Amino acid sequence: MSVEARATRAPFAYHHELLLLIVLVLVVGFLAVGTDKFLTVDNMLNQGRLMTEVALVALPMTFIIITGGIDLSVGSIMGLAAIMLGVAWKNFGLPLELAIVFSVAVGAVAGFFNGLLIIRVRVPPLIMTLATLALYRGLAEGISQARSVRGYPEWFFVLGQGEVFGVPTQLWILLVAIIIFWIVLAKTTFGRSLYAIGYNEEAARFSGIPVDRIKLIIYSLSGTMAGLAGYIFVSRVSTTRSDMGTGLELDAIAAVVLGGTSIFGGVGTIAGTVIGFTLIQLLKNGLALSGVKGDATIVVIGTVLILSILVSNFLQRRRGAGG
Amino acid sequence: MKRLAIIIATTTALTGAALAADPWDGGDDLPTNPLACDDTPGTVAAKDYDGGQTTGAADKSGKEITLIDIPKLVGVGYFAATTEGMRQAAEELGNVKVTTDGPTEANIDDQITFIDNYVTQGVDGVLFAANDPVAIAPVLKKALGKGIHVVGYDANSDPDAREWFVNQAEFNGIAKSLIDQMAAEIGDEGKFAIVTSTFTTPNQARWIAEMQAYQESCHPKMEWLETVEAQEDNILSFNQANTLINKYGDDLDGIFGMTSVATPAAAEAVTQAGACGETAVVGLATPNAMRPYVESGCVKSVVLWSPVDLGYAAVYVMRAVVDGDLSPGDTEVEAGRLGKLQVVNGSEILLGSPFVFDKSNVNDFDF
C-alpha cells in the first residue's frame, strides 16, 4: 500500500512543480516584455526583500499542511513577536540584542502553545489557530497599549534594509532556511514522518511514529519562524505596530497551496512552495509595474490560484484513471 | 450577591478613577498645544525647514511630469475626493499627469509595496497619505534618493522622508472644533466615547491627544468613557458604535467619529438604535456620507476641511517644487484657486482652518 502510494505520488508532485516552473517562466517572460523595469537585478532583489516574511512563514506552513493541519495564527504571532521586541527593549530595558532573541522566543512559545493544545485537547488545528489568531492579536494590542515603538539604532536596520555582498540581508537568511527545510523534508526520517501523518494519522501512530511530538515540533517551528519574520519586518519598516502581519497567514497558505501541497495532507514539497511564493510576488510586482492597478492585481492572483488547483486536480484525476 | 455587586461596583469605580488620570486610548504621546477656549488664534513658532531633499532629480521645470498618488487606501469617499481635487489641479495646470493607486485596506505593508513598485517603475513625483509615519519613511527616502519628488498630504511621514506636507488643518484647531461642537450638543458635563481607525494612525492619534488637552483645559467636567478601534471599515465601525450604545446606554451622551468612515457609521448606529437626540454624533466626515443624518436632524454638525481642496493643493505644491517655486525657507506658495497658502511648522503647508457644516449648508457640497 505504502509503496504504491509513493509510486503514484512522486510523479504527480514532479509534474505539478514542473508545470508551475513553466508557468513561472512564462509569467516572467510575459511581464518582462510588458515593461523594461521588471526584469532587472535591482527589482528582482528588491522583490526578494519584500517577500521574505511571507516566505519564511510559508516554509513551516508547508510542513504543517503536509500533515493535514493548518496554522492560521502566524500573522498574529508575527504581530505579537514584533510588539514584544519593542516592549522588551523600550519598557523592560533589555539590550536590543536580547530583545530580539526574546521576541523570537515569544514566537516559539506561541507556536508551542498552539501545538500543545492541538495534541493534548485534540482541538482541530483550524479551530485552535483561529482562536489564537484572535488571542495573539489581542495580546499584541493589549501589551503595546496600541502605541508604536520607534527610534531603533542604525545597526538594527541592517537586517531589514541593508545588503550583504550586494544582496538584501534577509534574502541570505531565507536562502539558508529554504535549504534546511528542503533537506529536512526530502532527506530525513522526520520529513517522511510528516507525509505519513498526512496520509493516515492512525496508521502513522501504529507504525510507531511519534505523531504528537512531531506536531508539537512543527507548530513551535511555525511560531519561531513567524517570530523571526516579525523581527525582520520591524527592521525593514523601522517601527513596531500591533497590527503588523495582518493577513500574512492567507498569503503564506496561498503560496503553499499554489505550490502543490494538498490541503488534505500527504502531498507537498519545499520546491513547490518556493515557486509558489516567488510566482505570487512576481505576479503582483510585474502587474503593478505594467500599470495594472491594485484591485485588478488581486483578481489576477485569485484567478491564478483557482486555475492552478483546477489543473492539478485534472492531472491528478487523469493519472488516477490511467494508472 | 449584594456584597458581590458592591465589590464589582467599587472595583469599577476604582478602575475608572485610575483610568481618568491616564491618557486617552488612541492618543499619541507627543506634546500637545491646546488652543485658547475663546477664539484667540494660536501662536505659530517659527521653525527652520526640516524636510528632506531629492538627490539628482532631473530639471523638469515647466515640462510635463507624471505623478503617482498613493492614499492610505482606495475605494472610500474621502480619498475619492482628494483624487478628484488632484484631477482638477492637473487639468488646470495642463502639464501634470496624476494617477491614483493604492491598497484596498489601510495596511502599512501593502502601501509600502505600492510605493516601492512605483519608485521602480519610475515617476517624477510621489504624493502620499501615510498609514504610519515611520514605517513609510524608508521607502520614501529611497524615492528621494532616486531623484523622485515626494509630497505628503492628509497624513504625514517623518519630516525628513518627504519634501513638503500639505496639512489640511492644524491638529489643535480640529480638536477645538470637535470638542466645542460636542460640548454645545451634550453640555459641559456630558460623557462621550470615541470611534477611531487604529490607535496608532498618525492623524487620529494626534487629534485625540489634542482633544484631551483641550477638553481638560476648557471643558474639564466632560467625561471620556472609551476609545474603540474600527480600522476604516464600515461594518466594523457600525458594530463598534453599536456596542458603545449598548454598553453605556443612557450614560453615553455623545460619540466622536474620528474618520470619514466611522462618523456616518456611528450616525447609522445611533439612528437604528432610535437614540437620535439622546446620543449626539460629532465627527469628521464627508458631506455626501452625512447628508441623510444631517437632514434627518440626527447629526447637528460635521467638522471637516475640503478633501477636494487638499488633493488640489498637493498637486500645486508638487508642481511648485518641480518648477523651483517652492524651496526651503519660503513662507508661502501659490496654489491656483486657493490663492497663497502659508508654510507652517518648518516644512508643512497649511490648507486653512477647519470647516463646520450643518443643515444650512450641507447641500452646497458634493464630495
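Matching residues to (1) within 14 Å of chain A (Cβ to nearest Cβ); (2) over 22 Å from B:Gly75 (Cβ atoms); (3) at pLDDT below 90:
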position: B:Ile179; (1), (2), (3): no, yes, no
position: B:Glu185; (1), (2), (3): no, yes, no
position: B:Glu189; (1), (2), (3): no, yes, no
position: B:Ala193; (1), (2), (3): no, yes, no
position: B:Thr196; (1), (2), (3): yes, no, no
position: B:Gln212; (1), (2), (3): no, yes, no
position: B:Cys218; (1), (2), (3): no, yes, no
position: B:Leu225; (1), (2), (3): no, yes, no
position: B:Phe238; (1), (2), (3): no, no, no
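Assess whether B:Ile112 counts as being within 14 Å of chain A (Cβ to nearest Cβ) and either surrounded by 13 or more Cβ atoms within 10 Å (Cβ to Cβ) or within 26 Å of A:Met51 (Cα to Cα) (or both). The answer is yes for B:Ile112. Elements of the type strands (runs of 3 or more DSSP E) sitting completely within region B:313-367 and holding at least 2 residues that are free of Cβ contacts under 8 Å to residues at least 60 places away in the same chain: these cover B:332-334, B:340-344.
Only residues that are out of contact with any strand residue (DSSP E or B) (no Cβ under 8 Å at 6 or more places or on another chain), on the phi < 0 side of the Ramachandran plot and not hydrophobic (A, V, I, L, M, F, W, C) were counted across region B:231-246, and they come to 6.
Among the residues of region B:61-86, those that are within 18 Å of B:Val123 (Cβ to Cβ) and buried (at least 18 other Cβ atoms within 10 Å of the Cβ) comprise B:Ile65, B:Leu67, B:Ile68, B:Asp69, B:Ile70, B:Pro71, B:Val74, B:Thr82, B:Thr83, B:Met86.
Given the criteria touching a residue at least 24 places away in the same chain (Cβ under 8 Å), polar (S, T, N, Q) and within 14 Å of another protein chain (Cβ to nearest Cβ), does B:Thr99 qualify? Yes; evaluated as a whole, the condition is true for this residue.
Entry remark, region B:243-272: residues being of a type in the set (A, V, I, L, M, F, W, C), in contact (Cβ under 8 Å) with a residue 40 or more places away in the chain and in a helix (DSSP H, G or I) number 4 in total. Taking region A:110-192 as the region of interest, the helices (runs of 4 or more DSSP H) fully inside it that hold 3 or more residues being closer than 30 Å to B:Asp116 by Cβ and within 14 Å of chain B (Cβ to nearest Cβ) are A:125-144, A:158-161.
One line per residue, one yes/no per condition, for (1) touching an Asp or Glu at 6+ places or on another chain (Cβ under 8 Å); (2) buried (at least 24 other Cβ atoms within 10 Å of the Cβ); (3) farther than 30 Å from A:Ile179 by Cβ:
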residue	(1), (2), (3)
A:Gly75	yes, yes, no
A:Leu80	no, yes, no
A:Asn91	no, no, yes
A:Phe113	no, no, no
A:Leu116	no, no, no
A:Gln145	yes, no, yes
A:Leu159	no, no, no
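If you go through region A:30-70, how many residues are closer than 15 Å to A:Phe181 by Cβ and outside any helix (DSSP H, G or I)? Residues in region A:30-70 being closer than 15 Å to A:Phe181 by Cβ and outside any helix (DSSP H, G or I): 1 in total. Applying a threshold of 6 Å to beta carbon distances and a minimum spacing of six or more residues, or different chains, the list of pairs starting in region A:286-310 at a residue that is over 21 Å from A:Val256 (Cβ atoms) and within 14 Å of chain B (Cβ to nearest Cβ) and ending at one that is among the hydroxyl-bearing types (Ser, Thr, Tyr) and part of a helix (DSSP H, G or I) reads A:Leu287/A:Thr297. Report yes if A:Val256 is free of Cβ contacts under 8 Å to residues at least 24 places away in the same chain and aliphatic (A, V, I, L, M), otherwise no. Spelling it out, it is not the case that A:Val256 is free of Cβ contacts under 8 Å to residues at least 24 places away in the same chain and aliphatic (A, V, I, L, M).
Can you tell me which residue in region A:222-243 is nearest to the other protein chains (Cβ to nearest Cβ), limited to those that are surrounded by fewer than 24 Cβ atoms within 10 Å (Cβ to Cβ) and out of contact with any Pro (no Cβ under 9 Å at 6 or more places or on another chain)? Taking the candidates together, the pick is A:Ser235. Pairs meeting the criteria (first residue in region A:72-95 and at positive phi and at pLDDT 95 or above, second residue of a type in the set (Gly, Ala, Ser) and assigned to a helix (DSSP H, G or I), beta carbons under 8 Å, at least 6 apart or on different chains) are lacking.
Residues in region B:115-134 that are more than 18 Å from the chain's Cα centre (by Cα), facing chain A (nearest Cβ under 7 Å) and at negative phi: B:Asp116, B:Asn117, B:Thr120, B:Gln121. Looking at (1) within 13 Å of another protein chain (Cβ to nearest Cβ); (2) under 29 Å from A:Gly34 (Cβ atoms); (3) surrounded by fewer than 22 Cβ atoms within 10 Å (Cβ to Cβ), can you tell me which one A:Thr246 breaks? Here A:Thr246 clears every test but (2).
Restricting region A:193-224 to residues that are hydroxyl-bearing (Ser, Thr, Tyr) and assigned to a helix (DSSP H, G or I), the residue that is farthest from A:Ile253 (Cα to Cα) is A:Ser193.
Condition check for A:Gly86 on (1) crowded, with 24+ Cβ neighbours inside 10 Å; (2) more than 14 Å from chain B (Cβ to nearest Cβ); (3) farther than 30 Å from A:Asn200 by Cα; (4) small (Gly, Ala, Ser): one failure, at (2).
The values are calculated or read from the model by the stated rules, or taken from the named source; none is laboratory data. All values reported here derive from a predicted model rather than from experimental measurement. Cβ atoms come from the backbone with ideal geometry, glycine included; neighbour counts cover every protein chain shown.
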